[in-house]
Amino acid sequence: MYTKVLIISDNASLCNKFKQVVKDLSLDTQGFTFATSPYSNSNDFGGIKVLTYDLKIESNVNYIISNYDLVFSIHCKQIFPKPLVKGVKCINIHPGYNPINRGWYPQVFSIINDLPIGATIHEIDEQLDHGGVIVRELVEKFSYDTSETLYNRILEKEVDLLYRYLPSILNKKYDLISPEDEGNLYLKKDFNKLLEIDLQEEYKAGDLINRLRALTHGAYKNAYFIDKETGDKIYIGIQLNKEN
C-alpha cells in the first residue's frame, strides 16, 4: 500500500475536494501532502497547507523521489520530468477522455472539434497524458455548453472517479487499459491560435458559435478581435440559455 502520497496541483478547488474525498473515505490524512507549482499562490488554497515544488529544479525532484512513494498530478501546470516518473509512481487526474483529449484545455477542443469528452485517471509516462489508463468515463456535452459549464461537469466526474478508485490505487489493486492509439494531443500554442477572431474572415455560423462558446470561461479573457481604429483587443464572450 502507498502510504506517503504527494498531491501536486494548481487547482485549489480540486485540492479541497481531494482532501474531502480522503476524509470521507476515512483514509489516513497524515499520509497525504499537498503542494503546488511556482505558477500558483499557496495562499489561494484556503485551509490546506501546501508546499511549493518547482519540478525544473533537480533537488526538488530528488527530494520527492526520496520521500514519497506515490505522486498525484491534479491539474498541475508542470510537466513531470523523466527522472520523476521513472523514480516514483506518478498518477494523473486528467480532465479529458484519453487518448481523445490529451493535452491542454480538453473541453475547448472537444467543443470546437465535436469530440467526446470525459475524465481519466492514468499512470504518467514520459509523454503528455499518455500512460496506461486506470479508469476513464465520458461526460455528456450539450449544444449550450461553454468551456466553463462543460469543465465544471468534468470536475464533478473527476471527483466521482476519485471516490470510487482512490482506495484501489492506494492498495495497488487496479488494472490498466492501454490507449487504443495516440489520439489527439493539443498544446498551449494550439489554444493560443484560436483566440483572435479575424474580422475579415468568413465563418459558418455554427463554427463561430462553437469557437466562441469553447473560449468562454467565466471572467477569463480569451477570444478577441482587433479594433481597426485603435488597434485595441476587444474581448468577446458568449451567453447561451436553454429554453425551459
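For the stretch 203-212, state whether one or more residues are at pLDDT 95 or above, touching a Leu at 6+ places or on another chain (Cβ under 7 Å) and of a type outside the set (Lys, Arg).
Looking for residues that are at pLDDT 95 or above, touching a Leu at 6+ places or on another chain (Cβ under 7 Å) and of a type outside the set (Lys, Arg), one finds none in the stretch 203-212, hence no.
Of all residues in the stretch 115-158 being of a type in the set (S, T, N, Q) and buried (at least 20 other Cβ atoms within 10 Å of the Cβ), which is nearest to Val85 (Cα to Cα)?
Of everything passing the filter in the stretch 115-158, Thr120 is nearest to Val85 (Cα to Cα).
Kindly state which helices (runs of 4 or more DSSP H) lie completely within the stretch 105-209 and contain at least 2 residues that are in contact with a strand residue (DSSP E or B) (Cβ under 9 Å, 6 or more places away or on another chain) and closer than 20 Å to Cys90 by Cβ.
Hits in the stretch 105-209: 147-170.
Consider Ser9 carefully, then state whether it is surrounded by 22 or more Cβ atoms within 10 Å (Cβ to Cβ), touching a helix residue (DSSP H, G or I) at 6+ places or on another chain (Cβ under 8 Å), under 20 Å from Asp160 (Cα atoms) and in contact (Cβ under 8 Å) with a residue 60 or more places away in the chain.
Spelling it out, Ser9 is indeed surrounded by 22 or more Cβ atoms within 10 Å (Cβ to Cβ), touching a helix residue (DSSP H, G or I) at 6+ places or on another chain (Cβ under 8 Å), under 20 Å from Asp160 (Cα atoms) and in contact (Cβ under 8 Å) with a residue 60 or more places away in the chain.
Any residue that is at pLDDT 95 or above, open to solvent by 70 Å² or more (accessible area, probe 1.4 Å), closer than 20 Å to Asn222 by Cβ and not aromatic (Phe, Trp, Tyr) - is there at least one of those in the stretch 159-170?
Scanning the stretch 159-170, I find no residue that is at pLDDT 95 or above, open to solvent by 70 Å² or more (accessible area, probe 1.4 Å), closer than 20 Å to Asn222 by Cβ and not aromatic (Phe, Trp, Tyr), so the answer is no.
How many of the residues making up the stretch 82-103 are assigned to a loop (DSSP other than H, G, I, E, B), of a type outside the set (A, V, I, L, M) and modelled with pLDDT of 95 or more?
5
Would you pick out the residues in the stretch 76-103 that are open to solvent by 30 Å² or more (accessible area, probe 1.4 Å) and within 25 Å of Ala119 (Cα to Cα)?
Scanning the stretch 76-103 gives Lys77, Ile79, Pro81, Lys82, Lys86, Lys89, Tyr97, Ile100.
I'm trying to understand the selection: among the residues of the stretch 104-114, which are touching a Lys or Arg at 6+ places or on another chain (Cβ under 8 Å) and either open to solvent by 20 Å² or more (accessible area, probe 1.4 Å) or within 21 Å of Tyr53 (Cα to Cα) (or both)?
Trp104, Ile112
All but one of (1) more than 18 Å from Leu161 (Cβ to Cβ); (2) at pLDDT below 95; (3) more than 17 Å from the chain's Cα centre (by Cα) hold for Asn67; state the number of the condition that does not hold.
Single failed check for Asn67: (2).
I need every pair where a residue in the stretch 66-91 that is farther than 20 Å from Gly31 by Cβ has its Cβ under 8 Å from the Cβ of a residue that is of a type in the set (Phe, Trp, Tyr) and surrounded by fewer than 19 Cβ atoms within 10 Å (Cβ to Cβ), sequence separation at least 6 or different chains.
Between residues of the stretch 66-91 that are farther than 20 Å from Gly31 by Cβ and residues that are of a type in the set (Phe, Trp, Tyr) and surrounded by fewer than 19 Cβ atoms within 10 Å (Cβ to Cβ), the close pairs are Lys77/Tyr39; Gln78/Tyr39.
Identify, please: which residue in the stretch 48-75 is open to solvent by 70 Å² or more (accessible area, probe 1.4 Å) and in a loop (DSSP other than H, G, I, E, B) and is, among those, farthest from Ser9 (Cα to Cα)?
Checked the stretch 48-75; the qualifying residue farthest from Ser9 (Cα to Cα) is Ile57.
Which members of the stretch 210-241 meet the condition of being of a type in the set (S, T, N, Q), part of a loop (DSSP other than H, G, I, E, B) and surrounded by 13 or more Cβ atoms within 10 Å (Cβ to Cβ)?
Across the stretch 210-241, the qualifying residues are Thr216, Asn222.
Specify which of the listed residues (Leu14, Leu27) is more than 24 Å from Tyr105 (Cβ to Cβ) and open to solvent by less than 80 Å² (accessible area, probe 1.4 Å).
The unique qualifying residue is Leu27.
Go through (1) more than 22 Å from Lys173 (Cα to Cα); (2) over 20 Å from the mean Cα position of the chain (by Cα) for Thr29 and report which single condition fails.
Tallying (1) more than 22 Å from Lys173 (Cα to Cα); (2) over 20 Å from the mean Cα position of the chain (by Cα), Thr29 fails exactly one: (1).
The values are calculated or read from the model by the stated rules, or taken from the named source; none is laboratory data. Everything quoted here is computed from the prediction, not taken from an experiment. Positions of Cβ are generated from backbone atoms using ideal geometry, with glycine treated the same way; all protein chains shown enter the neighbour counts. We work out accessible area using only protein heavy atoms, side chains counted, and drop any ligands, DNA or RNA first. Shrake-Rupley method; radii C 1.70, N 1.55, O 1.52, S 1.80 Å.
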